[in-house]
1. What number, in percent, do you get for the relative contact order of the chain if the mean sequence gap of Cα pairs under 8 Å and at least 6 apart is divided by its residue count?
2. Please work through the chain and write down the cysteines that have no neighbouring cysteine Cβ at a distance under 4.7 Å.
3. Highest GNM mean-square fluctuation, the chain, Cα pairs closer than 10 Å: which of G80, G12, G88?
4. Would you kindly state the longest site-free stretch of the chain, with sites defined as trypsin sites (Lys or Arg not before Pro) in a DSSP loop (not H, G, I, E, B) surrounded by at most 14 other Cβ atoms within 10 Å?
5. With each run of n ≥ 4 DSSP H residues scored as -39500 (n - 2.57), what mean residue ellipticity at 222 nm is computed for the chain after dividing by its residue count and rounding to the nearest 500 deg cm²/dmol?
6. With axes computed from alpha carbons, what is the tilt in degrees of helix 58-74 against the longest principal axis of the chain, rounded to the nearest 10 within 0 to 90?
7. Using the Cβ atoms and a cut-off under 14 Å, what net charge is assigned to the surroundings of L100, where Lys and Arg are +1 and Asp and Glu are -1?
8. Considering only the other residues whose Cβ falls under 13 Å of the Cβ of G49, what net charge follows from Lys and Arg at +1 and Asp and Glu at -1?
Amino acid sequence: MSDCLFCRIVEGSLPARIVHRDEHCTAFWDIRPQAPTHLLIVPNRHLDGLDAAQAEDEALLGHLLLTAARLAERMGLERGYRVVINTGREAGQSVFHLHLHLLGGRPLGWPPG
């Protein structure tokens with residue numbers, strides 16, 4: 001999608017501080033971090049959100065979660081981290097391209113929000 005911010009980052013037409021890229025996903029630093037480590041992990045193929053995922057996206061969804069775990073280890077988040085997927089405006093989704101937030105580097109309270 002040419003008007004999708006994250007699609008443009010994936011294709012390289014918008015700059016981002018990319019920390020990981022493979023054939024399925026791209027991860028980069030959030031421009032409005034909510035924790036010392038705040039990465040966004042996005043599928044390279046556009047999906048509006050988790051609610052748009054289909055059965056054929058099962059492997060992709062698993063890959064996104066495993067990538068989050070590997071990046072957490074790489075970022076030294078052994079004391080803990082959080083992975084968040086906001087789905088829909090009322091949940092705080094502002095870019096309608098599925099993305100995972102990887103947050104860590106500080107105590108994360110509960111409940112969130």
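Here, each number is a calculation from the coordinates, and none is a lab measurement. These figures come from a predicted structure and were not determined experimentally. Heads up, the Cβs are rebuilt from the backbone with ideal geometry, glycines too, and the neighbour counts pull from every protein chain shown.
1. Relative CO of the chain lands at 29 percent.
2. C25
3. Of G80, G12, G88, the Gaussian network model singles out G12 as fluctuating most.
4. Answer from the scan: 80-113.
5. -6500 deg cm²/dmol, from helical runs alone.
6. Tilt relative to the chain: about 40 degrees.
7. 0
8. -3
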